[in-house]
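Only one structure is covered here, and it is reproduced in the block below.
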Amino acid sequence: MPEEVEKIILQDFGSYSTALFKDNCSIQEAYKNRNEHAINSIGVEAGHFVIDVGCGRGAMLQEVAKKGGRSLGITVSKTEQQICEQKGLECVWSSWEDFDKVVQKSYPLADSIIIVEVLLHMATLFENRVGLMDLRLQMLFSWCQGKLKKRG
């Protein structure tokens, strides 16, 4: 999607994902609520290393930092990677599938990996019907297992 269209559709919060509405909160607050809920649900705390696959513009990465953790974003969007870097966030321009080929730097095993709404991006309807979604999910989970600490 061209950057101009992204700005119109995604505005400043730049998220395609669902939000967590509480009471009559704004859309920005709802995305913040979703991110806080995810971070708290996986128990992020000071010193944890978290990988966010499909990190968007880094909102979840910022929440990890608020808890005292270190994070690495992975995105297929060059624009989003640049936005993350402008915010001082560590982000790699790559798919999870190409990550090991693209990244020259060594990272520690992660305490957690965040992947929000990954199913939307894993396969087309046709690919899902012929079983490619299952294969790609198996590959994703295997990749994650190789990036996580033993109890991550």
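Looking only at residues in the range 63-79 that are under 19 Å from R34 (Cα atoms) and part of a helix (DSSP H, G or I), which one is most open to solvent (accessible area, probe 1.4 Å)?
Residue satisfying both the conditions and the ranking: K66.
From L89, L125, L109, grab the single residue that is of a type in the set (A, V, I, L, M, F, W, C) and touching a residue at least 60 places away in the same chain (Cβ under 8 Å).
L109
Every residue, every condition in (1) within 14 Å of the chain's Cα centre (by Cα); (2) more than 24 Å from K22 (Cβ to Cβ), yes or no:
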position: N35; (1), (2): yes, no
position: V53; (1), (2): yes, yes
position: R57; (1), (2): yes, no
position: E63; (1), (2): yes, no
position: V76; (1), (2): yes, yes
position: E90; (1), (2): yes, yes
position: V102; (1), (2): no, yes
position: P108; (1), (2): no, yes
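Identify, please: which residue in the range 82-106 is in a loop (DSSP other than H, G, I, E, B) and within 25 Å of Q138 (Cβ to Cβ) and is, among those, least open to solvent (accessible area, probe 1.4 Å)?
S94
Does F141 qualify as being at pLDDT 90 or above, open to solvent by less than 60 Å² (accessible area, probe 1.4 Å) and over 19 Å from H48 (Cβ atoms)? Talk me through it step by step, then tell me what you get.
Details: at pLDDT 90 or above: yes; open to solvent by less than 60 Å² (accessible area, probe 1.4 Å): no; over 19 Å from H48 (Cβ atoms): yes.
For F141, the condition - at pLDDT 90 or above, open to solvent by less than 60 Å² (accessible area, probe 1.4 Å) and over 19 Å from H48 (Cβ atoms) - is not met.
Do any residues in the range 129-141 that are under 19 Å from A110 (Cβ atoms) have Cβ atoms under 8 Å from those of residues that are at pLDDT 90 or above and surrounded by 14 or more Cβ atoms within 10 Å (Cβ to Cβ), where the two are at least six apart or on different chains, and which pairs are they?
Correct list of pairs: L140/W96; L140/I115.
Just to be sure before I move on: is Q86 more than 18 Å from L20 (Cα to Cα), modelled with pLDDT under 90 and among the polar types (S, T, N, Q) in the structure I sent?
no
The values are calculated or read from the model by the stated rules, or taken from the named source; none is laboratory data. Everything quoted here is computed from the prediction, not taken from an experiment. All Cβ positions, even for glycine, are placed from backbone atoms using ideal geometry, and neighbour counts span all protein chains on display. What goes into the accessible areas is simple: the full protein's heavy atoms, side chains included, and nothing from ligands, DNA or RNA. Shrake-Rupley method; radii C 1.70, N 1.55, O 1.52, S 1.80 Å.
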